[in-house]
């Protein structure tokens, strides 16, 4: 699992979802409690609107220590024979700096596809 | 000859059946079998009396076989053409980009190349024509792959799908693999392990898997509804073709025969009708005239066809009128026809046309009947 270290005394943490590929994607960003599978939804949407798919994490940042940010995506390729490649990224930002990311790359198959990305947050 | 026709249909039926059994790389599920478009290379072979080049949604691959039936007889096909989208090959290794970029490139990606050949007797009994055509769709409404409003209807289906995968499919797969679902982040043991993730992707790609089955069923309904609403969508196509004729079947000594330009506007009329307005300009040589003057001279023809279609995507009738001016002979011609276009099985279209071709300059008219078979890849066809 990708681990991202953040400044517990810094600014707000942000999770950003990026969808690259000729596909329709519907997603949800979830935050899982430390040492638990209990989770809350932070943001849901799709890749069809022009706005960034970004959400802030709870403040102060230190309370996110040990939590995991999860990006769950269902997607389908529009023209997998013409444009077969996709990339889904989950990025963590703090104070306008990208602290780290996890990525899922693959091939569109024209059916429903599923992606689940995890990032563990650790205060440093 | 019926056996030949049955043979063609059998191949398509087999492709359908095989396509449903083999998993792996699929051709686009958003590909909709609207009617097979007329191909510039095929039109240039003079296989049909109409000079209207029907616009349609770009397809990765399509083929047309002509003149299976003419003058009350079944015939061996005299002409054959295929059309390919170069983007199929060029985009395979491109890195992915934002969705809006694909919509922006839709016009460039609609560029298609067609190649056709037909038997001819213009030079001698074994001469053949070779046509090379190019086409681009400048306006192409009703393409599910680039229609943002339709994508907004797909998004809720994907929401239902991903929730079901998380709740049911992932849990079933974990049970199959003996993964303890009470462990912290147990899902990561599947999605975070490259080998396990590949196995899960294959498990999920099975069309009988419950989440996938539900999604594909919802998706099929959405596509059927979309086809009903958009078979007659507004489009504008421009195409160009060059036709050469050779005195033998190996295409040695290929001589320029004709160049064609087509512009066709398709206008949606209500839910069940469409009007096609076209222009076809030709610059041609008379290869049958072997005099030295003729070899350097060319002449121009022009046709203005209009076709009114009514029906549904799968079954539609049409009435067509066409005026043509033949530059070499300075003749005026009119062509009136009635016809039908029927999608008999996924990927196979039958065109039936009957009408009168009248040369008003010579005051001669003749009845023409035409039966064509048009083939494209079935919607569920899988390449491997």
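Placing dummy labels 7 Å off each Cα toward the beta-carbon, the span from residue B:356 to residue B:336 is 0.5 nm.
Evaluate E = 1/(1 + (r/R0)^6) for residue A:9 and residue A:103, where r is the Cβ-Cβ distance and R0 equals 25 Å; express this FRET efficiency to the nearest 0.05. The computed FRET efficiency comes out at 0.30. Here r is the Cβ-Cβ distance between residue B:306 and residue B:176 and R0 is 45 Å; the resulting FRET efficiency, rounded to 0.05, is 0.15.
Quick one: work out the % antiparallel among DSSP beta bridges in segment A:2-123, nearest 5.
90 percent
Neighbouring Cβ atoms from other chains, within 10 Å of the Cβ of residues in B:213-222, number 2 on average. Each label was represented as a point 7 Å from its Cα along the Cα-to-Cβ direction; for residue B:193 and residue A:59 these points are 4.2 nm apart. Averaging Cα coordinates gives a centre for segment A:77-92 and one for segment B:304-373; these two points are 44 Å apart.
Packing here is the average count of other Cβ atoms within 10 Å per residue, and on that basis the peptides B:229-240, B:352-363, highest first, run B:229-240, B:352-363. Averaged over the residues of peptide A:66-77, the number of Cβ atoms from other protein chains lying within 10 Å of each residue's Cβ is 4. Sorted fewest first by neighbouring Cβ atoms within 10 angstrom, A:115, B:155 come out as B:155, A:115.
Given R₀ = 56 Å, what would the calculated FRET efficiency be for residue B:153 paired with residue B:126, taking r from the Cβ atoms and rounding to 0.05?
Efficiency, rounded to the nearest 0.05: 0.55.
Short-range pairs are left out: with C-alpha atoms under 8 Å and at least six residues apart, the relative contact order of chain A is 38 percent.
Measuring max minus min along each principal axis, the C-alpha atoms of chain A give extents of 48, 29, 21 Å (largest first). Take each residue of peptide A:12-25, count the partner chain Cβ atoms within 10 Å of its Cβ, and average: the result is 4. As a rough guide to protection, the peptides A:20-27, A:105-112 ranked by mean Cβ packing within 10 Å, highest first, stand as A:20-27, A:105-112. Can you grab the distance from the C-alpha centre of segment B:272-286 to the C-alpha centre of segment B:154-174, Å, no decimals? Between the Cα centres of segment B:272-286 and segment B:154-174 lies a distance of 49 Å.
Values in this text are rule-based calculations from the coordinates and carry no lab data. Please read all numbers here as calculations on a predicted model, not as lab measurements. Glycine gets a Cβ as well: all are built from the backbone with ideal geometry, and neighbour counts include every protein chain shown.
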